1. Using θ = phi - 60° and the Karplus relation 6.51 cos²θ - 1.76 cosθ + 1.60, list the HN-Hα couplings for region B:237-244 in order, rounded to whole Hz, with x at every Gly or Pro.
2. Using amide H atoms built 1.01 Å from N in the peptide plane, name the residues 5+ places from A:SER99, or on other chains, whose amide H lies under 5 Å from its own.
3. Measure off 7 Å from each Cα along the Cα-to-Cβ vector at A:SER21 and B:SER129, then give the distance between these two points in nanometres to one decimal.
4. Kindly identify the protein assembly as shown as rounded, prolate or oblate by the Cα gyration tensor criterion: order the square roots of the eigenvalues as a ≥ b ≥ c, call it rounded if a/c is under 1.5, otherwise compare a/b with b/c, prolate if a/b is larger, else oblate.
5. Place a +1 charge on the Cβ of each Lys and Arg in region B:6-49 and a -1 charge on the Cβ of each Asp and Glu, then give the dipole magnitude about the Cα centre in debye, rounded to the nearest 20.
6. Amide H of A:THR143 versus every other amide H placed in the peptide plane: which residues, excluding those fewer than 5 positions away on the same chain, fall under 5 Å?
7. Once every DSSP H run of n ≥ 4 in the protein assembly as shown is given -39500 (n - 2.57) and the sum is divided by its residues, what mean residue ellipticity at 222 nm do you get, rounded to the nearest 500 deg cm²/dmol?
8. Any idea how far apart A:ASN164 and B:ILE266 come out in nm if each label point goes 7 Å out from Cα toward Cβ?
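Each value in this text was obtained by applying a stated rule to the coordinates, not by laboratory testing. Source: prediction; values computed, not measured. Quick reminder, even Gly has a Cβ in these numbers, built from the backbone with ideal geometry, and neighbours come from all protein chains shown.
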There are 2 protein chains.
Amino acid sequence: MKRVTIKDLSKYLLLSTSTISRALVNDKNIHPDTKKKVLDAAEKLGYKPNTAALNLKYGQSKSIGVVVPEMTTPFSSMLLSGIQNILYPLGYRVIITPSDETPSIERKNLLHLEEFNVDGIIINLCHESYNDDVYQQIMDRGTPLVFFDRIPGKSIDASKVMVNDNIKAALMVEHLISTGRKRIAHIMGPSTIRNANERAAGYQRILDKHGIFDPDLVIKSEGTTFEHGRIAAQQLLNNKIKFDSIFAFTDTLAIGAMNYLLEQRIKIPEQIAVASFSGTELATIVHPKLTSVEQPLVQMGEVAARLILEKINDSTAASKTVILDAELVYRASTQL
Amino acid sequence: MKRVTIKDLSKYLLLSTSTISRALVNDKNIHPDTKKKVLDAAEKLGYKPNTAALNLKYGQSKSIGVVVPEMTTPFSSMLLSGIQNILYPLGYRVIITPSDETPSIERKNLLHLEEFNVDGIIINLCHESYNDDVYQQIMDRGTPLVFFDRIPGKSIDASKVMVNDNIKAALMVEHLISTGRKRIAHIMGPSTIRNANERAAGYQRILDKHGIFDPDLVIKSEGTTFEHGRIAAQQLLNNKIKFDSIFAFTDTLAIGAMNYLLEQRIKIPEQIAVASFSGTELATIVHPKLTSVEQPLVQMGEVAARLILEKINDSTAASKTVILDAELVYRASTQL
DNA sequence: AGTATCCATGGGAACGTGCCCAAAATTCGG
DNA sequence: CCGAATTTTGGGCACGTTCCCATGGATACT
């Protein structure tokens, strides 16, 4: 099945390719009758513009790369729908590459995307510094980068989208305190993730303020999977430290922890309340439903897409950092 | 930042573009010294082949479209990693478009992907027949299609990958019976999905065989979300029908149902056992963990990718239907 | 030494499109 | 009714790459 080109139309209608082209791109220098004839023939023969030719012509690939740390939770998929909301109507392809929370894979993905000639890359890091050199290289070579959610530790001249982790974590801890909790444990994310440190800082700030901070209450998790959450909960219980609630770095960790507690026949929230940070459906599909900081994920994706478009359309555009608001949603896991 | 082309190398080394090209593609008709010089210069100047030019040259876009009904569960992401395992090493881009379980969006996505000139499309349907005409059109126009998981109802000449829904559903129901359950309810998926009918048929076949089938035990769900599962469970309880277990069309429905039961303080599995069908992590992150038919999702993705490659590389290749095995995993939701 | 063979390189067309420039066809003003 | 202005069309180059064909030079054989 040979594809129909402008040349085919040209032969078919006995018109030059220039005229055909003009009809197709809505050029004003063309007779309405001719234009109609061309459009009809294009429809009839099933003409489809060849994107490869256009890409070559304009030096753009009309595709955007997205790097996410994982795709097994709805987190990334919500961000993606935001990104696609903006980019698909503009004719961009979106190419997604999961890094599996592994910096070396992230690195490979980035270079791979560059190889694909993407016009820009939107990325949610898995390590705050490991690939700093690559980010800079890629940008130096002319491909704009936009960071979202997990941004680099070191300041890099690129647009960024995120929420205020520190403040929102603090507010969530305040909520736990307001429900009478005093021994609030924290399952902290890997310290190679900037947000983990920010949220931990917000947590500590409030406990300090109330004079109830205890370093033993903080468990540093080495990863972000459900299993890591389980392990953290197990550690907390094994440590024989008293605690009446948990604030976890993410939904995933919180749910893993919750499962372990439930298996140990601990009642949530009666004995231990659980709160976390995210913005996905995950919080509502467990029992009891999880109190969490709901990030506006779809909106974050949309903003990230707009920021990358700005950079693509004007490579000298100033970098912007957009901080979105997140809402605290109180559910059964912290309320009797 | 202008990109480096073969012409730049040509000027830089005072060699023709032909020679540069030969060096780059490992042609044998080139002096080793020249080749080394070119390769070094390419490295030094940061030459990257222009994919758009290659795509134009070879008439392929080196990209594959994937249409999935949803992306909020790990289901699609596991399939995607399978697909990407195969396609990325071969230099293919993968473009993902979620249809949101809406046939009209699926239709739009398919046409959109065709517009993008993808070399092939891998699709998991959201309706067994609504878009039949488009599938056929797209294939007629020369873009191969591969169906996986949810395949079309009507027979279409295209490769397909799936598991044997009927048999596996039957085995799962046998398991419930073997644990002493006699009143097994079924939350059936929308009958516009072939698999829903197949699994329901497997369910009924076994209940009939044991003479314990009761049509009142079957709830037809209108959708596949967690919420639909909740509603189904609610209906079951409201109907005042006695039942001691549930076999659900998918994990998602099962978990939604489980949540409702737990909220009603019903004990799982003591009072009601729950089993389902899927193959994702979801089954293990709820409490109690969910017994389910584990489909080899990553493998399914890999097979789908290989099948589409076959069709791309030889448009006359015969269509294949691959049926993969699925494993029953028994967890806490059905065992005391 | 002359010719045939081989190797390394250069020239240029092609993929499909848009756009610049020129040419043809039409309209307009006097 | 003729030249000028305007509209409509055609020719051909460019984007970056590969590959066929041709060319030049070196080597081998008679």
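1. Residue by residue, region B:237-244 yields 5, 5, 5, 6, 8, 6, 8, 10 Hz.
2. Placed amide hydrogens put A:VAL68, A:GLU70 under 5 Å from A:SER99.
3. So the two model labels end up 4.8 nm from each other.
4. Verdict is oblate for the protein assembly as shown.
5. 40 debye
6. none
7. -14000 deg cm²/dmol
8. Between A:ASN164 and B:ILE266, the simple spin-label model gives 4.5 nm.
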